[in-house]
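Step one of this worksheet: look at the structure below.
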């Protein structure tokens, strides 16, 4: 909301610099987002206090040598006057009228040396005013347009301001800064300060914060015959509300004989500073009242309503009723749009049909027209939820709907109607018909809350007395009754946000000043410290993978089924994953419409993106997947670990060398390092999986339980994700692991293996076996037959060559023998070795390779 | 013969002066003091001397030997020093050439930021409590004092699922009630990190997915002054001991009173810069005293218990710390971005 400081000053004295006003309001919850200064110090164009002044127009004469120029004589205070040469078209009307000071027209006057914007150049170009001859007459001053002053782009004529009983008391010679200079605060109206969505609302907060009195607007209404009891109105309009819970109050006035002229300059200027476009005085007053005191209001064409009444009730009163729509009812709003109405959208109607969408927007037919002179003024209260739903559903976001959907107290309806009637009478020349229509069947009880002093102190940390609390609340117009250990507090009737004592504590804190409340350390008892074992293990796993050279990712958890389907080759018939998804009903885009089933798909997608810029990829993510569960309201969230590696094994520096590219065993090495760190004994078994390349896929087993799959991505899958490695044949390695299962198996304790002080004996052994025998089995036979002295088995060579014979391979191992309690003799070692050789031959038909 | 010894001595010393490398020095030694060197050869002729002359000669030979040995040692040390100096001088390398690259990994910048937050609050006794991403409307809104159609719901545009009661959580505050219900009747001191989702246009400043860390403390003796103190300590540990904090009134349905916390800009030290939009302050987190309805929904009697809650965005903190100007970078996961942290 845009708030001109000058407007606030109508209601409260502001003598602090605007920066301090900003601080006070912002700290109290009325966040000032921006400040736009006009004419005053700090503005883009500052008006010199000595050189840019308000001048009183005395007479206008034709320039003797130019048709398109006039000579305007002005008084600019202290008995000084000046004749200015100008081409402003809006002065031509006054030529030949002689002395016109009685018209009380004022205009901004710039004297020689002042710096303003050049009105004849595009954009904002400053120029210094210098005296020069204009068609034979020397001129060293200027009457200004809005463009020249930096107020707007308007340069058709100069600013003419009329002084009358309703305008400020303009005096010639006043620095223009003090007349039109301003600072406009943009204030963020958050939901709980809806009461501040007006000048009065903001001023009231400022008055409270600075402990000053408020000056409220003039709510008095001058009626035709002074008959406030409304006899004259009653015979002309009847007012009913079918749903008082949705429309608690409806206030109306009949105002006749309004002149639809342009509004006075001061009113137009204020509206524009507040972001409203001036239209004509009737429409402008309606907007002005809403901005000023927060009550939206609406004007109907009274004669239009009367003509309709002549159809349904000839000679009788107009019958206004508010009600919910009939089935299929539509309404054309004054912006010309036709709306199909929702069953909860409340309408202002007469027996012939609807007239306006209550609290949201007027109807096209009943709106005032240029020739309208008699208006029916409405100021009502509406249920904020209904207005919110209607405005959201129909997509109508008016200033009225903004306020009503946040809550405007019914007490404001009468004040708003009074204020609008007051202004229509004074500024638009209307006559207010006797009496006010006010349908208000169930006025709400004032909100009264008991505030225990002890509670207020405990919540705030402030040790205030009851009287001190009462004083702070009193500034915001709360009335309080101070008791020994509590206050009885009654909220002022513009407050709809007070529900209980906690709300009052916030008001006390705000008035005391959040900055003035002390900062203390927690002295409450420390709760039992339970830790978070699962998170700690996840972080440990991340650290291990980072040490292994992998980069952690965090990807989008929203994805699309189609994206995850890329994990299956195109020709694949049935997916391995038929489980239901969590699907959004209002996704922002089709690409992010489901919660993911696969973490791997997310990681591969990122790998593909990076493959355009990198020749080495080694990355992982730890994160959840989401499987909808038919028996539970919420899905299963399972934590997974996915890894992808591809490309150059190491980054070669300027010294060059050999790197090679990642293969299956690099990924397996990373996993081995991880499982080693976690003290998990994981075994690998060949397996078929559509995502992976047949023959290069293994499943990971913890005992009998499968906890994941690893391998080379199927080349067709890599292609679907559009992974672009340097060489098309470079394998993309991937693993996808159930981290919940893995973490569940991590032992909390594991034994330490003492280091033997006795020397180890190293033996090498090479055996030839059938190619089909997995290396794992060879190693198992060695370990199982080596006895307790065999400390370590390490494969150091794999050879397949013609000299071994077809279908054979040779595996060579370093064996380490060591005893914890003695030095081993050769005899003992050889005995062990022979046993190993014997078992290898017996179980795997292995031949010792000499 | 004594003369011969003296001239050998003189000649050897002269030669020693001319020796210019350790290799030549070894030859000199062999020729002079070695098993078949000059001195030895001379001593073999000792038989030609008279009995009177022998002891004199013998004595002199020992003196000469010792002196030559000493001269040798001195020369050796001298030559070694010269040779090492030459070797060092000739083997200088270009220390400005790049080091051999390591294939190191790294943690995502958000994980790093989260760990900073975990550590600081961990020191103050806040434990980490995680709750689901996919949440019920009740936990995300209703039990947090957001009635249906409440204007505050508009502040957070939700993603809805096929089940009307299930949404993607819009804030980690959704975990507050879960934590309270689990901890009751113990006091609560937890932080709740997690991924949140809002149906907003993706821009450089907002993403449909973002992380948040919520904090919650509930007990019988917790005040707004404690909230200020705790969060000020946090800000000083995260952003620097000299930081000042400022608390502004704000609004969240689940806290009352509510406050935004600003920290003096750590880039300009509060003087005003582009990042803090010339205000000298950076908005870091939202906070407040837990609303009595929320305490009640969590099982705690608001007549007895009070508490405070706060929430912050690790992405915003990282953006401010590193000057990142596009929030989308966090989930793009471009290695050229991630490797910088």
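Things to note:
- Helical runs (DSSP H, four residues minimum) scored at -39500 (n - 2.57) apiece and divided by the length of chain A put the mean residue ellipticity at 222 nm at -7500 deg cm²/dmol.
- Counting Cβ atoms of other protein chains within 10 Å of each residue's Cβ and taking the mean over peptide A:498-509 gives 5.
- Kirkwood estimate for the stretch A:692-850, i.e. one over the average of 1/r between Cα atoms, Å: 19.1
- Cα gyration tensor of the stretch A:448-514 - equivalent ellipsoid semi-axes, whole Å, descending: 16, 13, 11
- Residue by residue along B:249-256, Cβ atoms of other protein chains within 10 Å of the local Cβ number 6 on average.
- Cα pair count fraction exceeding 20 Å, expressed as % - the stretch B:257-341: 54
- Across all directions, the shadow cast by the convex hull of the stretch A:533-745 built on its C-alpha atoms averages 13.3 square nanometres.
- Binning the C-alpha pair distances of the stretch A:231-439 at 10 Å intervals from 0 yields a P(r) profile of 9, 37, 40, 14, 1 %, listed from the shortest bin outward.
- The ratio of the alpha-carbon radius of gyration of the stretch B:2-90 to the globular-protein estimate 2.2 N^0.38 Å is 1.28.
- Look at the stretch A:456-463: the mean tally of other chain Cβ atoms within 10 Å of its residues' Cβ atoms is 5.
- On Cα atoms only, tilt of A:599-610 relative to the major axis of chain A in degrees: 80
- Spread over its residues, the convex hull of the C-alpha atoms of the stretch B:109-338 is 125 Å³ per residue.
- All Cα pairs of the stretch A:404-560, percent lying beyond 24 Å: 64
- With the convex hull of its Cα atoms as the shape, the stretch B:123-216 has an orientation-averaged projected area of 7.0 nm².
- Three principal axis extents of the stretch A:52-180 based on alpha-carbon atoms, in descending order, are 38, 33, 26 Å.
- Average silhouette area of the stretch A:317-406, convex hull of alpha-carbon atoms, in square nanometres: 6.0
- Between the stretch A:286-351 and the stretch A:395-430, the Cα center-to-center distance that results, in Å: 15
- Summarised as an ellipsoid, the stretch B:111-169 has semi-axes of 29, 13, 11 Å, derived from the eigenvalues of the Cα gyration tensor scaled by 5 and square-rooted, with the largest first.
- Span from the the stretch B:278-334 Cα centroid across to the the stretch A:75-101 one, whole angstrom: 61
- For the stretch A:761-848, the relative contact order works out to 43 percent when only alpha carbon pairs closer than 8 Å and six or more residues apart are counted.
- Our helix-only sum for chain B, with -39,500 (n - 2.57) per DSSP H run of n ≥ 4 divided by its residues, gives a mean residue ellipticity at 222 nm of -13000 deg cm²/dmol.
- Crossing angle, helix A:281-293 versus chain A [Cα axis fit, 0-90 degrees, rounded to tens]: 60
- Degrees between helix A:501-512 axis and first principal axis of chain A (Cα, 0 to 90, nearest 10): 70
- Note on residue A:650/residue A:729: beta-carbon distance plugged into 1/(1 + (r/R0)^6) with R0 of 22 Å gives a FRET efficiency of 0.70.
- Computed across the stretch B:168-264, the Kirkwood radius stands at 15.3 Å (inverse of mean 1/r, all Cα pairs).
- Evaluated at q = 0.05, 0.07, 0.09 Å⁻¹, the base-10 log of the normalised Debye intensity for the protein assembly as shown, with identical point scatterers placed on the Cα atoms, takes the values -0.57, -0.90, -1.21.
- Multiplying the residue separation of residue A:687 and residue A:791 by 0.36 nm and subtracting their alpha-carbon distance yields 34.4 nm.
- Whole-angstrom gap from the stretch A:1-69 to the stretch A:467-530, using each part's C-alpha centre: 37
- Sequence ranges B:89-99, A:164-174, A:191-201, ranked by mean other-Cβ count within 10 angstrom, highest first: A:191-201, A:164-174, B:89-99
Laboratory data are not the source of any read-out in this text; all were calculated from the coordinates shown. Since this is a predicted model, take the numbers as computed values, not measurements. Every residue, glycine as well, gets a Cβ built from its backbone with ideal geometry; the counts of neighbours run over all protein chains shown.
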